[in-house]
1. Restricting attention to helices (runs of 4 or more DSSP H) lying wholly within region 8-112, give those where 1 or more residues are within 22 Å of residue 126 (Cα to Cα) and at pLDDT 85 or above.
2. Kindly provide the set of residues from region 63-73 that are surrounded by 13 or more Cβ atoms within 10 Å (Cβ to Cβ) and in contact with a strand residue (DSSP E or B) (Cβ under 9 Å, 6 or more places away or on another chain), ordered by number.
3. Out of region 21-37, which residues are more than 19 Å from the chain's Cα centre (by Cα) and touching a residue at least 12 places away in the same chain (Cβ under 8 Å)?
4. Just the residues that are of a type in the set (Gly, Ala, Ser) and surrounded by fewer than 21 Cβ atoms within 10 Å (Cβ to Cβ), please, taken from region 1-41.
Amino acid sequence: DPEKELSFYIEAAVLGSDIGAFEAAVLIEQSVANDSDLPIEALIYYRQAAASISAAQLKMAELYYEGTNQVIDRDMVKGSYYLKRAIRQGNDEAEVYASEISYDGLYGFEVDQSEAITSLTGNNSIAAFEFLEKKAKEGDADALEMLAVKYILNPSLSSRSEGLVSEEVLYRVSNSWMEVYFLS
């Protein structure tokens, strides 16, 4: 019963549970998924959960970076604050989101692809692969090479990547990696 579930999470949030607040916010947001505005009640619970839950901090960062019609105005300072907190707690998706901002220069930030590439290289989360696959499909050479490197290091990572990473790219990237290996 979704209504009972929500009422239990709200009760937990009222009693100070950040997990209860986060789950309540998610349920409220999902209940109006077709609507473009985030309900104020969901925002209140996300804000409470952001005290300790990195997924809530990431959500708050996205809300402040992107702004939501009448609920939140765009605020780069607050967005950066929440994003840095989520990254410090080890949230891979937050790191990928920060890399995407650096890579594409979203939300008025300067493009810093080298910083983004450094961050994405060590990140093996699903979000990192999805971002790289999206960029590779758009023809981005750096993303294609990074995808090839990840595929070479672990061929079982993603069968979806196989179609993007051609034999030629794999050969070129693996040869350059072998050169670095022998030189070191």
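1. So the answer is 18-31, 54-66, 76-88, 92-104.
2. If we filter region 63-73 for residues that are surrounded by 13 or more Cβ atoms within 10 Å (Cβ to Cβ), which is where we start, we get 63-65, 67-68, 71-72.
Correct list: 63, 64.
3. Of everything in region 21-37, those that are more than 19 Å from the chain's Cα centre (by Cα) and touching a residue at least 12 places away in the same chain (Cβ under 8 Å) turn out to be 21, 24, 27, 28, 31, 36, 37.
4. Let us first name the residues in region 1-41 that are of a type in the set (Gly, Ala, Ser), namely 7, 12-13, 16-17, 20-21, 24-25, 31, 33, 36.
Within region 1-41, 7, 12, 16, 17, 20, 31, 33, 36 qualify.
The values are calculated or read from the model by the stated rules, or taken from the named source; none is laboratory data. Remember, it's a predicted structure, so these values are computed and weren't measured experimentally. With ideal geometry, Cβ positions are generated from the backbone for all residues, glycine too; neighbour counts draw on all protein chains shown.
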